[in-house]
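What follows is a set of notes on a single structure, which appears directly below.
Derivation of every value follows stated rules applied to the coordinates shown; laboratory data play no part. All of these numbers come straight from a predicted model, not from anything done at the bench. Here the Cβ positions follow ideal geometry from the backbone for every residue, glycine too, while neighbour counts run over all protein chains shown.
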Amino acid sequence: MDGINKSFYETWAKRDDVRAAIGTAPTWDEFKKTPILALPLPKGDHTPVVPFTDQIQKGQPFTTPSGKIELYSTYLATADLRSDWFRRLDRAYAYMDPTME
């Protein structure tokens with residue numbers, strides 16, 4: 001496994017876009033000791049995207065029956081999942097179903 005990872009890492013480290021971003025990448029042995037690379041951010045707007053900003057910061061309700069974050073699903077609790085396409089998800093193995101498109 002280590003040989004495969006080393007091969008992938010060395011191929012990645014030789015890419016032009018990687019060398020342009022970080023210069024010379026550490027050797028495989030150096031990378032294994034400290035497997036974190038600090039990459040510079042590209043120029044531009046780096047405002048983080050925060051989901052649900054309106055609900056969290058402005059107090060707007062979520063689109064749930066209570067308007068709050070819910071860890072309960074009325075649909076899942078009441079739906080007969082055996083009678084619709086979800087029934088195909090009960091198999092623990094891969095299979096081909098030509099009727100699904």
(request) Report the FRET efficiency, 1/(1 + (r/R0)^6), for T27 and Q57, where r is their Cβ-Cβ distance and R0 is 30 Å, rounded to 0.05. (result) 0.10
(request) Classify the range 27-78 as rounded, prolate or oblate, taking a ≥ b ≥ c as the square roots of the eigenvalues of its Cα gyration tensor: rounded when a/c is under 1.5, otherwise prolate if a/b is larger than b/c and oblate if not. (result) oblate
(request) Against the globular-protein guess of 2.2 N^0.38 Å, express the Cα radius of gyration of the range 1-60 as a ratio, rounded to two decimals. (result) 1.73
(request) Tell me the label-point distance for the pair R19, K68, using the 7 Å Cα-to-Cβ offset, in nm and rounded to one decimal. (result) 5.7 nm
(request) May I ask you to evaluate 6.51 cos²θ - 1.76 cosθ + 1.60, the Karplus curve with θ = phi - 60°, for each residue of the range 2-19 and list the ³J(HN,Hα) values in order in whole Hz, giving x for glycine and proline? (result) 4, x, 5, 4, 4, 4, 4, 4, 5, 5, 4, 5, 8, 5, 4, 5, 5, 5
(request) Check cross-link reach from K32 to the lysines: straight Cα distance under 24 Å, and skip same-chain residues fewer than eight apart. (result) K6, K14
